[in-house]
Amino acid sequence: MMSLNLSRVVLFASFLLLGACAGAPAAVLDGPLVVSTWPFGRHANDKAMEALTAGKSLLDAVELGIRETERRSSDGSVGLGGRPNAAGYPQLDACIMDGPSRDAGAVGGVEGIVHPISAARHVMEKSQHVFLVGEGARWFALEHGVESIPIEDLKAKKDAWVDGHRPKDVDRNGHDTIALLIRDKDGHIAGGCSTSGAGGKLPGRVGDSPILGSGLYVDEEVGAAGATGIGENVMRYCGSFLVVEFMRQGMHPQKACEETVHRIASLDPRGYKLDICFIALDKMGRYGAAASNQRFPFAVASNGRSVVVNVAQVVPR
Ligand code: SD4
């Protein structure tokens, strides 16, 4: 009996090994794929695609895509047009990750920087560090010529916010993060994330978005994932890393995003009331998204199409 069971185990293990030796499954897509959060991600996706078509690098495409959302931040989302913190000033977070080189850079709580994604890329490429915050991040960005404005220029906005519009609680309404993931035509992967964070957050609060493994994670062998929503509910569980790990186990990106929401909801005292959303793509060119307790529109560009796709909240287990 014992030896029969053992031989079954050996047989099963050999099948697994054979499967592994067969190599990675074939790509389902010839051209590039760009996936990003929220409907505003469409403009970013288009810019990123334009960059790839023009022969620019994967990282250029990530940066140019996200810069487009930062540039359009007049809608109160991402960049200096985003909602101010409790002191009345926007403090921005961003990161960028490159699959092939496994390099990454990030800035947190930075003020007066027009394109924090570019600052993050400078940290990656021009420093020996990965993550700079606050004044130091601003100084470094200015040293490298990243576009900035004097913080006093935001005083009028600050006064209006403090006098009339500052919410008593942290303002969770509206959406203020772009996570953008790219798989190029050769299957290389990169991503970036940029946000003004939650309106009315305490000065110095850094959310999930610039934290590698939380707001963004890229693994050249597997795929990439990004997050949006309440950062505190993502960063306590390394949400994006978890999505990528589920894909590594063989899950489709859609299933990996859903399983991540279920896992976090099963551990967190709030259950599914988390306001978290994930996007993901894999090495083969497949993608997916999931949200805990809301409808989640996200943007996808591939094969000459650029669309916004709606995903319903997961069905709680
Ligand atoms: C944060 N995750 O700073 C960001 C905010 C966000 O949609 O994504 N809102 O917590």
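Tell me which residues, restricted to segment 168-203, are surrounded by 20 or more Cβ atoms within 10 Å (Cβ to Cβ), away from the ligand (no atom under 12 Å from the Cβ) and at pLDDT below 95. Result: no residue meets the conditions. Among all positions in segment 248-269, there is no residue which is under 25 Å from D186 (Cα atoms), of a type outside the set (G, A, S) and touching a Pro at 6+ places or on another chain (Cβ under 8 Å).
Among the residues examined, V206 qualifies as within 10 Å of the ligand (Cβ to nearest atom), at pLDDT 95 or above and among the hydrophobic types (A, V, I, L, M, F, W, C).
The set of residues in segment 33-84 being under 25 Å from S101 (Cα atoms) and of a type in the set (D, E, K, R) consists of D46, K47, E50, K56, D60, E63, R67, E68. In segment 280-304, which residues are outside any strand (DSSP E or B), at pLDDT 95 or above and under 21 Å from G187 (Cβ atoms)? Those that are outside any strand (DSSP E or B), at pLDDT 95 or above and under 21 Å from G187 (Cβ atoms): K283, M284, G285, R286. Whenever a residue of segment 30-51 is free of Cβ contacts under 8 Å to residues at least 40 places away in the same chain and assigned to a strand (DSSP E or B), it has no partner that is surrounded by fewer than 21 Cβ atoms within 10 Å (Cβ to Cβ) and acidic (D, E) lying with C-beta atoms less than 7 angstrom away and at least six residues away or across chains. Exactly one residue among F246, F278 is over 22 Å from G31 (Cα atoms) and touching a strand residue (DSSP E or B) at 6+ places or on another chain (Cβ under 7 Å), and that residue is F278. Residue-level analysis places C257 among those that are within 16 Å of the ligand (Cβ to nearest atom), in a helix (DSSP H, G or I) and under 18 Å from Q313 (Cα atoms). The requirement of being in contact with a strand residue (DSSP E or B) (Cβ under 9 Å, 6 or more places away or on another chain), among the polar types (S, T, N, Q) and at pLDDT below 95 is not satisfied by T228. Do you know which of the residues in segment 223-241 that are within 16 Å of the ligand (Cβ to nearest atom), of a type outside the set (S, T, N, Q) and crowded, with 24+ Cβ neighbours inside 10 Å is nearest to D275 (Cα to Cα)? Ranking the qualifying residues of segment 223-241, first place goes to G229. Scanning segment 209-222 for residues that are under 15 Å from D282 (Cα atoms) and either part of a loop (DSSP other than H, G, I, E, B) or within 11 Å of the ligand (Cβ to nearest atom) (or both) gives L216, E220, E221, V222.
The set of residues from segment 260-279 being among the β-branched types (V, I, T) and not in a helix (DSSP H, G or I) comprises I276, I279. The lone criterion from (1) surrounded by fewer than 18 Cβ atoms within 10 Å (Cβ to Cβ); (2) part of a strand (DSSP E or B); (3) within 11 Å of the ligand (Cβ to nearest atom) left unmet by V307 is number (3). On inspection, E245 passes the criterion of being modelled with pLDDT of 95 or more, away from the ligand (no atom under 13 Å from the Cβ), part of a helix (DSSP H, G or I) and surrounded by fewer than 22 Cβ atoms within 10 Å (Cβ to Cβ).
The values are calculated or read from the model by the stated rules, or taken from the named source; none is laboratory data. This one's a predicted model, so the numbers in the text were calculated from it and none came from an experiment. As a convention, Cβ positions derive from the backbone with ideal geometry for all residues, glycine included, and neighbour counts pool all protein chains shown.
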